[in-house]
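J.: This is the structure I want to talk about, given as structure tokens.
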Amino acid sequence: KFDQKEKSTLLGNRKDYWDYFCDCLAKIKGANDGIRFVKSITELRTSLGKGRAFIRYSLVHQRLADTLQQCFMNTKVTSDWYYARSPFLNSKMSSDIVGQLYELTDVQFDLAS
């Protein structure tokens, strides 16, 4: 959430990183499985809750690094969601973040969805 721009829906609900993931991944074939899974969970009502569920899904399926890398490569959407000083818009920092997340692929997560 660091340096994320303040966004809201027409009804005034605050948008969160879940909405950023949706914007980045909606049109990427194969990358939106987690999005579809989270949208199918009717108990989740807030953007924050959906974002957390998406991260858990990505960790369990060892896709968090791939997912964020695809989002960071979409600089148009990322710059629309984050201010210029965000580490997501800095190629060196975003590369370091993705590299660290790739190390998590060796860890088996068993998290409730």
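The values are calculated or read from the model by the stated rules, or taken from the named source; none is laboratory data. Owing to the predicted nature of the structure, the values given are computational and were not obtained by experimental measurement. Backbone-built Cβ (ideal geometry, glycine too); neighbour counts: all protein chains shown. Just so you know, the surface numbers come from the protein's heavy atoms only, side chains and all, with ligands and any DNA or RNA stripped out. Shrake-Rupley method; radii C 1.70, N 1.55, O 1.52, S 1.80 Å.
J.: Would you kindly derive the ³J(HN,Hα) couplings of the range 30-44 from the backbone phi angles with the Karplus curve 6.51 cos²θ - 1.76 cosθ + 1.60 (θ = phi - 60°), listing them in order in whole Hz, with x for Gly and Pro?
T.: x, 8, 9, 4, x, 4, 4, 4, 5, 5, 7, 8, 6, 5, 7
J.: Can you run phi through the Karplus equation (6.51, -1.76, 1.60; θ = phi - 60°) for the range 97-111 and list ³J(HN,Hα) in whole Hz, with x for Gly and Pro?
T.: Couplings: 4, 5, x, 5, 5, 5, 5, 6, 5, 7, 9, 8, 9, 10, 10 Hz.
J.: Leu89 accessible area, nearest 10 Å², 1.4 Å probe?
T.: 60 Å²
J.: Where the centroid of each part is defined by its Cα atoms, how far is the range 63-113 from the range 16-32 in Å?
T.: Centre-to-centre distance over Cα atoms comes out at 12 Å.
J.: Here's another thing I want to ask about it. Please state the charge dipole magnitude for the chain, taken about the Cα centre, from unit charges on C-beta atoms (+1 on K and R, -1 on D and E), reported in debye and rounded to the nearest 20.
T.: 420 debye
J.: Evaluated at 20 °C with a viscosity of 1.002 mPa s, what Stokes-Einstein diffusion coefficient in µm²/s does the range 15-101 have when Rh comes from the Kirkwood expression over alpha-carbon pairs?
T.: Details: Rh = 13.2 Å.
Answer from the Stokes-Einstein relation: 163 µm²/s.
J.: Another one. Name every cysteine in the chain that ends up alone, with no second cysteine's Cβ under 4.7 Å, or say none.
T.: Cys22
J.: Still on this structure, please answer the following. In Å², and per residue, what accessible area does the range 15-101 have when probed at 1.4 Å with the other protein chains present?
T.: Computed with neighbouring chains in place, this is 56 Å² per residue.
J.: So which aspartates and glutamates can Lys39 reach, going by Cα to Cα under 13 Å and dropping same-chain residues fewer than 8 places off?
T.: Excluding near neighbours in sequence, the set is Asp19.
J.: Then there is this: Would you mind checking which residues have amide H under 5 Å from Lys7's amide H? H placed 1.01 Å from N; only 5 or more apart, or other chain.
T.: Under 5 Å from the amide H of Lys7: Lys15.
J.: Please calculate the 1.4 Å probe accessible area of Met93, with all protein chains present, and give it to the nearest 10 Å².
T.: 90 Å²
J.: Let me ask something else about it. Choose one of Phe37, Ala84, Gly99: the residue whose Cα lies farthest towards the positive end of the charge dipole of the range 15-101 (beta-carbon charges +1 Lys, Arg; -1 Asp, Glu; about the Cα centre).
T.: Of the listed residues, the answer is Phe37.
J.: Counting only protein heavy atoms and a 1.4 Å probe, tell me what percentage of the range 15-101's accessible area is made up of carbon and sulfur.
T.: That share works out to 53 percent.
J.: Also, I was wondering about something else. Residues with beta-carbon under 11 Å from that of Gly49, excluding Gly49: net charge, scoring Lys, Arg +1 and Asp, Glu -1?
T.: Working: positive: Arg45, Lys50, Arg52, Arg56; negative: Asp16, Glu43.
With Lys, Arg at +1 and Asp, Glu at -1, the net is +2.
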